[in-house]
């Protein structure tokens, strides 16, 4: 008889809930401070712009979180986003119906995720190495395909989607909800989500308890690739071009959002709502800094300091729990 090696869920859920409330309070506090400090922050146009800014990184961070919970990392997501803009642009311009073009682009993301899983599980490559190699390779492949140029997308309806709103809320933010709800159910209320935590906690114990560790790792990287490809479609819609150099550095923003959202780089700790809030905290900091005419370099410094502080306290929490 086998039993699933699953970490204690109740303490972890309590920690995630408390941390999530703290993040939400921090986000609200930032919004209040910036509303008082600047006359334009609370305007409808700026709030809409802020939601659009944070939405794509938020979706990217959700996919990254699945991987980090298993104890891995996916450095390729920014390159996957850029590559997906090229694929979507080429398909749409070739006359492929938008729905089918989007579906095929998502399948490219799935294929990239499966490739990462194969490299890690079957070839024994460290996640850092295989995803870093993909980051470099995809940029090069995209530049070869486009000959170093951008591909303009000749479809007004496709481009209008990212610019429009529904019930006063930008469509891009609705995409966060579209991804966030099933991701939350998957991670926190399904056995597959419990397997991710289990593998991140102790892969060998999970295997001995009947969890298919290899399949779980494949699943995590496939979901990350899928989320990145979806963001690529949204970015192509927003900027109206396919360009492999787009989204450069977004992998670091996704990791930062995930870590700021409470995901442990040591694995086995994380949530869906945390990275979503983390992404919008970063977007708020960047937006507020721009409105206050703060040097852009300081924005990076603040992000780096936040990561160091949160990882430090996560290490203290882990040591205190032993």
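Please go through the range 32-43 and give me each residue that is closer than 25 Å to residue 163 by Cα, free of Cβ contacts under 8 Å to residues at least 24 places away in the same chain and not in a loop (DSSP other than H, G, I, E, B), ordered by number.
The answer is 35, and nothing else.
Of all residues in the range 128-155, count the ones that are closer than 17 Å to residue 222 by Cα and in contact with a helix residue (DSSP H, G or I) (Cβ under 7 Å, 6 or more places away or on another chain).
5
Quick grid of which residues meet (1) under 16 Å from the mean Cα position of the chain (by Cα); (2) at pLDDT 95 or above; (3) within 27 Å of residue 136 (Cβ to Cβ):
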position: 251; (1), (2), (3): yes, no, yes
position: 260; (1), (2), (3): yes, no, yes
position: 271; (1), (2), (3): yes, no, no
position: 274; (1), (2), (3): yes, no, no
position: 289; (1), (2), (3): no, no, no
position: 293; (1), (2), (3): no, no, no
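Looking only at the range 180-192, how many residues end up being surrounded by 15 or more Cβ atoms within 10 Å (Cβ to Cβ) and touching a residue at least 40 places away in the same chain (Cβ under 8 Å)?
Qualifying residue count, the range 180-192: 5.
Against the definition (modelled with pLDDT of 95 or more, out of contact with any strand residue (DSSP E or B) (no Cβ under 9 Å at 6 or more places or on another chain) and crowded, with 21+ Cβ neighbours inside 10 Å), how does residue 120 come out, yes or no? Lay out the reasoning, then the answer.
On the way: modelled with pLDDT of 95 or more: yes; out of contact with any strand residue (DSSP E or B) (no Cβ under 9 Å at 6 or more places or on another chain): yes; crowded, with 21+ Cβ neighbours inside 10 Å: yes.
When the stated conditions are applied, residue 120 passes them.
Within the group 113, 142, which residue is under 20 Å from residue 196 (Cα atoms) and either out of contact with any strand residue (DSSP E or B) (no Cβ under 9 Å at 6 or more places or on another chain) or surrounded by 15 or more Cβ atoms within 10 Å (Cβ to Cβ) (or both)? Talk me through it step by step, then tell me what you get.
Working: 142 fails: under 20 Å from residue 196 (Cα atoms).
So the residue among 113, 142 that is under 20 Å from residue 196 (Cα atoms) and either out of contact with any strand residue (DSSP E or B) (no Cβ under 9 Å at 6 or more places or on another chain) or surrounded by 15 or more Cβ atoms within 10 Å (Cβ to Cβ) (or both) is 113.
I'd like the full set of residues that are in a loop (DSSP other than H, G, I, E, B) and either modelled with pLDDT of 95 or more or on the phi < 0 side of the Ramachandran plot (or both), limited to the range 51-106. Talk me through it step by step, then tell me what you get.
Taking the range 51-106 as the starting set, the residues that turn out to be in a loop (DSSP other than H, G, I, E, B) are 70-76, 94-97.
The answer is 70, 72, 73, 74, 75, 76, 94, 96, 97.
Just a yes or no: is a residue in the range 172-179 over 24 Å from residue 103 (Cβ atoms), surrounded by fewer than 20 Cβ atoms within 10 Å (Cβ to Cβ) and either at pLDDT below 95 or in contact with a strand residue (DSSP E or B) (Cβ under 8 Å, 6 or more places away or on another chain) (or both)? Lay out the reasoning, then the answer.
Initially, the range 172-179 is screened for residues over 24 Å from residue 103 (Cβ atoms), giving none.
No, every residue in the range 172-179 fails to be over 24 Å from residue 103 (Cβ atoms), surrounded by fewer than 20 Cβ atoms within 10 Å (Cβ to Cβ) and either at pLDDT below 95 or in contact with a strand residue (DSSP E or B) (Cβ under 8 Å, 6 or more places away or on another chain) (or both).
Please work out which residue is modelled with the highest pLDDT, limiting yourself to the range 1-31 and to residues that are surrounded by 13 or more Cβ atoms within 10 Å (Cβ to Cβ) and in a loop (DSSP other than H, G, I, E, B).
6
If you go through the range 198-218 one residue at a time, do you hit one that is closer than 26 Å to residue 86 by Cβ and either modelled with pLDDT of 95 or more or crowded, with 21+ Cβ neighbours inside 10 Å (or both)? Lay out the reasoning, then the answer.
Here is the first cut: in the range 198-218, the ones closer than 26 Å to residue 86 by Cβ are 218.
Applying the additional criterion that residues be either modelled with pLDDT of 95 or more or crowded, with 21+ Cβ neighbours inside 10 Å (or both) yields 218.
The answer is yes, given that some residue of the range 198-218 is closer than 26 Å to residue 86 by Cβ and either modelled with pLDDT of 95 or more or crowded, with 21+ Cβ neighbours inside 10 Å (or both).
The values are calculated or read from the model by the stated rules, or taken from the named source; none is laboratory data. Note that this is a predicted model, so its numbers are computed, not measured. With ideal geometry, Cβ positions are generated from the backbone for all residues, glycine too; neighbour counts draw on all protein chains shown.
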